[in-house]
Amino acid sequence: MSDYPYSGRNLFAEPETYFYAACADAGYLDGWKRSRADFRRRLAGAEAPDSRRQAGPRDGVLLGDLLEVARRQDLGAAAKNIEPFVVKYEVHKRLFEMYLPSGKRHSDSQTACLGTYIAFAEALVRQAEDGSLKHLSTLLKLCDALATQDAASFPPKEAKRLKTVLETEASLVAKLEAES
Amino acid sequence: MTGVLHDSALVAAPTYRSRAYVQAMRSAGLEPARAYLLPGEEPQWKGPERFEVDLRGAGQMTRFRVTEPVTETLEHMGVECLSLASADINAAETVRALTDAPEKILIYSGRGGALLRPPVLQTGKRFLHVHGGWVPDFRGSTAFYFSLLKEGRMGASALWLDEGIDTGTVIRRRKYPAPSGVDIDCIADPLIRADLLVEVLSNLLTEGRLEGEDASALGTGTTYHVIHPVLKNIALRRHGLIEE
């Protein structure tokens with residue numbers, strides 16, 4: 001029986017590269033499923049107050065606002081608009097709350113709050129549900145990181161959204177498993 | 001056609017891919033003018049030392065001695081080897097050494113994930129690279145796993161390197177059937193790339209030059225990042241590489 005190797009340390013604080021990841025064990029997927037199911041159960045204990053978003057800068061844009069715009073766009077436009085953040089997350093394994101029009105992070109910006117990461121996960125889910133393996137791969141990495149956070153630190157509304165993301169993630173992986 | 005590629009040199013790190021490249025070139029009777037070797041630790045393989053793989057599904061077997069270092073194969077071939085001072089392809093001393101190289105074409109087999117930056121790309125040389133995926137559909141990292149999941153097959157694209165990720169002029173592309181029961185990272189992908197490389201180099205020897213197609217004419221495509229191990233596990237399972 002395998003333990004899922006990415007369920008220990010805080011992956012936002014100590015990122016994982018996933019280079020040449022050892023995953024050929026027969027019990028690997030079951031280990032992942034157990035790890036996720038355990039975190040979904042713990043999310044039921046989410047009790048943190050709603051997070052306060054950093055105020056928007058005059059000379060930049062909030063990532064949360066960009067993701068809200070993308071949520072209302074068609075899939076192609078949304079994919080194009082979230083692509084810079086997919087690259088940033090894949091390279092640096094973190095995002096920030098505020099960015100400049102050039103795409104660089106705003107010097108006054110904090111790292112993204114849990115709510116912003118969940119919004120990003122929802123944007124990835126949308127693309128993955130349309131068949132994008134690239135976005136499913138990024139979603140899996142982001143959910144790994146979110147699942148290493150203290151479940152009690154999520155406000156209840158955000159915990160509910162994250163639970164939905166995790167359920168969709170599970171069904172997308174199950175669908176891929178079932179394809180021969 | 002066999003012979004010495006007088007205007008081409010190999011730039012190689014000690015990797016399975018480099019081993020596959022030089023063994024394929026030796027089997028095909030193709031010889032680079034010289035080899036520039038990036039330093040590094042040799043990969044340590046545990047398992048059978050020799051493989052025979054039907055890469056194209058046509059019944060023709062490709063042999064691979066997976067534990068044979070690049071230097072040993074090149075010595076058998078009688079190719080002059082020069083050791084580079086740095087393992088970093090973008091280091092100033094590497095740029096200097098490659099600028100001074102008399103060859104115009106550098107057959108590149110560096111460490112995975114290392115992007116060539118302007119100084120080394122501006123040495124006046126052309127870097128010939130074989131990417132492990134059919135571009136533009138499968139650009140980027142671990143593209144062969146995504147290709148296996150999406151299409152049930154692998155691919156390779158020979159191209160001239162530029163600053164982008166697998167965006168250079170495309171010389172040749174080929175699709176390959178999914179390997180069954182063969183390690184993908186260390187055996188199948190390196191052998192597939194080596195197979196296409198030999199095809200391209202044979203053409204270079206015959207024609208004296210390599211024509212290519214502008215990558216932008218092939219469409220936008222998708223650039224992938226390192227595959228998440230859950231997806232890699234599913235790909236391995238589908239191709240008989242996980243014992244239940």
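Pairs under 6 Å by beta carbon, first residue farther than 10 Å from residue B:16 by Cβ in region B:175-193, partner of a type in the set (D, E, K, R) and assigned to a strand (DSSP E or B), six or more apart or different chains? Hits for this filter: B:175/B:153; B:177/B:153; B:178/B:153.
You will find that of A:46, A:55, the residue that is of a type outside the set (Asp, Glu), part of a loop (DSSP other than H, G, I, E, B) and surrounded by 16 or more Cβ atoms within 10 Å (Cβ to Cβ) is A:46 and no other.
Condition (residue is touching an Asp or Glu at 6+ places or on another chain (Cβ under 9 Å), modelled with pLDDT of 95 or more and of a type outside the set (Val, Ile, Thr)) applied to region A:163-170: is it met by at least one residue? Within region A:163-170, not a single residue is touching an Asp or Glu at 6+ places or on another chain (Cβ under 9 Å), modelled with pLDDT of 95 or more and of a type outside the set (Val, Ile, Thr).
Just checking, does region B:40-48 include any residue being in contact (Cβ under 8 Å) with a residue 24 or more places away in the chain, surrounded by 13 or more Cβ atoms within 10 Å (Cβ to Cβ) and within 24 Å of residue B:175 (Cβ to Cβ)? Taking every residue of region B:40-48 in turn, none turns out to be in contact (Cβ under 8 Å) with a residue 24 or more places away in the chain, surrounded by 13 or more Cβ atoms within 10 Å (Cβ to Cβ) and within 24 Å of residue B:175 (Cβ to Cβ). In region B:195-214 there is at least one residue that is at pLDDT 95 or above and of a type in the set (Asp, Glu).
Looking at B:207, B:163, B:211, which is the one that is over 21 Å from residue B:65 (Cβ atoms), surrounded by fewer than 18 Cβ atoms within 10 Å (Cβ to Cβ), free of Cβ contacts under 8 Å to residues at least 24 places away in the same chain and over 12 Å from the mean Cα position of the chain (by Cα)?
B:207
Does region A:23-38 contain at least one residue that is away from chain B (no Cβ under 12 Å) and either exposed (fewer than 15 other Cβ atoms within 10 Å of the Cβ) or assigned to a loop (DSSP other than H, G, I, E, B) (or both)? Yes: one or more hits.
For region A:149-167, enumerate the residues that are surrounded by 17 or more Cβ atoms within 10 Å (Cβ to Cβ) and acidic (Asp, Glu). Result: A:158, single match. For region A:89-121, the set of residues classified as aliphatic (A, V, I, L, M), surrounded by fewer than 18 Cβ atoms within 10 Å (Cβ to Cβ) and in contact with a strand residue (DSSP E or B) (Cβ under 9 Å, 6 or more places away or on another chain) consists of A:100 only. Among the residues of region B:98-149, the ones that are out of contact with any helix residue (DSSP H, G or I) (no Cβ under 6 Å at 6 or more places or on another chain), outside any loop (DSSP other than H, G, I, E, B) and not basic (Lys, Arg) come to 16 in all. Within region B:57-86, the set of residues being farther than 16 Å from residue B:25 by Cα and either in contact with a helix residue (DSSP H, G or I) (Cβ under 6 Å, 6 or more places away or on another chain) or at pLDDT 95 or above (or both) comprises B:67, B:82, B:83, B:84, B:85, B:86. Of the listed requirements (1) basic (Lys, Arg); (2) more than 23 Å from residue B:146 (Cβ to Cβ); (3) within 13 Å of another protein chain (Cβ to nearest Cβ), residue A:160 misses just one: (3). The set of residues in region A:93-145 that are within 14 Å of chain B (Cβ to nearest Cβ), of a type in the set (S, T, N, Q) and assigned to a helix (DSSP H, G or I) comprises A:127, A:137, A:138. Filtered by the rule that a residue be within 30 Å of residue A:100 (Cβ to Cβ), of a type in the set (Lys, Arg) and touching a residue at least 24 places away in the same chain (Cβ under 8 Å), region A:14-64 gives a lone residue, A:53.
The values are calculated or read from the model by the stated rules, or taken from the named source; none is laboratory data. As the structure is a computational prediction, the values presented were derived from the model and not from experiment. Every residue, glycine among them, receives a Cβ derived from its backbone with ideal geometry; neighbour counts consider all protein chains shown.
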